[in-house]
Every structure is written in structure tokens, then in C-alpha cells.
Amino acid sequence: MSQFLQVFLSGLATGAVYALVAIGFTLVWQAAQTVNFAQGEFVMVPAFFVLIGMHWLGLSFWVALLFGFAVSIVVLGLLFKKLIVEPILPHGGITLIIATMALGILLKESAKEFYGAEAQPFPAMFPGDQIDVFGAAVSLRDLLNLVISLGIVILLTLFLNRTRTGRCMQATAQNPGVAEILGVDVKRMVLYTFLINAALAALASFLITPVYLAKFSNGETLGLIAFIAAIVGGFNQIRGALVGGLLIGVLDNLTATYVTAQYRAALPLVLLIVIILVRPQGIMGTSEGRAV
């Protein structure tokens, strides 16, 4: 029982970080009706911003974290929206999807050329000491990652549901035309969405990179798993992205521990196929009608 609890909590911690990345997919979809296939690279890059702050600018770790967070919001939020999304979006969603694929390749290859192909160690924000939880030895880092990730999701949900700005963002996501008629600054709300997505990607990067190490190829795995988590949970619901991320994290750990670790990489794909066949809108998602 203690081993099961240890594996379960570790899976929840990893899945909560996946959920932060998956929520980014959902936010961008609601704001621009497109899929950001560079989302995995958005999680990979902030760690390198922190390493640049530490190794090139001589900043302390915590100051470098603030530096990396600020640069991520500007580059992955503001500049991404202004330089890529705004000019390309009028030409259609497919064009923008292709552009995000190209952006992902650019970010990955830039990180490889600038910092090398070797994985770089990344300092952890929290100690990896083991603590006793109902007889199970659980990493303090995993517990704190879980608490912080869930706390961020709760705060984001409260912001969207309980504040005027959050409700305006939801109105913009549901029907930009009607929202604009009602006096909502649609462009500003969309910008806020992209800034929040960049902030979530940066936080996810800081939490998970100590485990994955800072490597140019990290975005491929993280992006794929988070994309599947968003679909499994429900692509049009933030709570769906949370459920999908937690589910994949827990099932991945349980499968690797009690079944086999050989095919753990295939588990998200199998889960995706099952969900698409049984409930195409996702576990928490709702069906969306579309005029043709």
C-alpha cells in the first residue's frame, strides 16, 4: 500500500505539471481557435533563459528565475501574439498551425545551437528530501510541485470566473463579435490570454526541468503529452486539461511500476485512441456545434 501511495502521489505531481502545459493549449484554442504546436518548446525555452541569466549574466538562481519568467512572458506571450498570431490569423487557422510548427522547430534548433545538444543540469527550487506520508516515502519536491501546480490552476479558475477581466476573457473566447458589441476590448483580452499561457509555460518549465534536465529536445515529449492530456480531458475546458494531465501522470507511473516500463511512452497514445472512440469531446469536454 505504501508503494502504491508513493507511485500515485508522484504521478499526480508529474501530471499536475502536464496539466499546466495542457491548459496553455486550451487557452490558445479559446483565444485564436488554433493549436499551438510550439507549446512544448514554450516549456523548454524558459529553462534556458534562466541558465543564460545564471551563466552569462552572473545572476543568482532566484533572480535568474525572475529574469527567465519576465523574458518568457515578453517573448512567448507578447512577441508571439504580435509578430506571429496577429499577422497570420486572418489568413486562416491552418496557416497559423503551420506557423506554430515552424516556430517550434526554430526554438528547438536555436536552443541546440546556442546552448549545445548536451543536457544541462537545472537547479531545483525545492529540496528532494523524502518525507513520510501515511507510511510512504514521498519526495518533498513532488509534493510541493503538486501543491503549486494545483494552486495555480485554482487561482486561474477563480480569476476567470470571479473577476471582471476573467469574465471578459471568457466572453471573448465564446463569441468575440458579441463581446466587442458589449464593450469588451477583445484585442486586450486575447493578449491577456497569451500572456497567461506564457506564464504557465514558464512555471511548468521551472518545476519539471530539474527532472528532465535542460535539453533542446524536451519540448517534443512535453508538448505531445500535454496535447494528448488536453484532448483526453476536453480541449475546450480548463478543468478538462487538469483532469487529463493528472490522469496521464498517474497511469504512466502505475503502468511503469506494476506492468512494464518498456511501453510507457505508448500509454498516452492508447488512452487518446480510447477516449476518441468512446467520448470524442473528452472526459470533461462539451460538444460544440458548428455551422457548415
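The values are calculated or read from the model by the stated rules, or taken from the named source; none is laboratory data. Given the structure is predicted, the values throughout are model-derived calculations rather than measurements. FYI the Cβ positions are ideal-geometry reconstructions off the backbone, even for glycines, and counts take in every protein chain you see.
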**Prompt:** Within the range 113-128, which residues are in contact (Cβ under 8 Å) with a residue 40 or more places away in the chain and either in a helix (DSSP H, G or I) or among the β-branched types (Val, Ile, Thr) (or both)?
**Reply:** Phe114, Tyr115
**Complete:** Residue set Ala226, Ala230, Ala214; condition closer than 30 Å to Phe48 by Cα, in contact with a strand residue (DSSP E or B) (Cβ under 6 Å, 6 or more places away or on another chain), among the aliphatic types (A, V, I, L, M) and crowded, with 22+ Cβ neighbours inside 10 Å; output residue Ala214
**Complete:** In the set Ala201, Ala261, the lone residue that is buried (at least 22 other Cβ atoms within 10 Å of the Cβ) and of a type outside the set (S, T, N, Q) is Ala201
**Request:** Give, as residue ranges, the helices (runs of 4 or more DSSP H) completely inside the range 218-292 that count at least 2 residues that are closer than 21 Å to Thr157 by Cα.
**Result:** 218-233, 238-258
**Request:** Kindly indicate the residue of the range 96-130 that is touching a Ser or Thr at 6+ places or on another chain (Cβ under 8 Å) and over 26 Å from Lys81 (Cβ atoms) and also surrounded by the most Cβ atoms within 10 Å (Cβ to Cβ) among those meeting that condition.
**Result:** Phe122
**Fill in**
When every residue in the range 133-161 that is buried (at least 17 other Cβ atoms within 10 Å of the Cβ) and small (Gly, Ala, Ser) is compared, the one farthest from Ala173 (Cα to Cα) is Ala136
**Prompt:** Which residue out of Ile131, Ile52, Ile84 is modelled with pLDDT under 90, β-branched (Val, Ile, Thr) and either assigned to a helix (DSSP H, G or I) or farther than 17 Å from Leu27 by Cβ (or both)?
**Reply:** Ile131
**Prompt:** Out of the residues in the range 96-117 that are of a type in the set (Ser, Thr, Tyr) and modelled with pLDDT of 90 or more, which is farthest from Leu213 (Cα to Cα)?
**Reply:** Thr100
**Fill in**
Only one of Leu65, Leu96 is assigned to a helix (DSSP H, G or I) and more than 18 Å from the chain's Cα centre (by Cα), namely Leu96
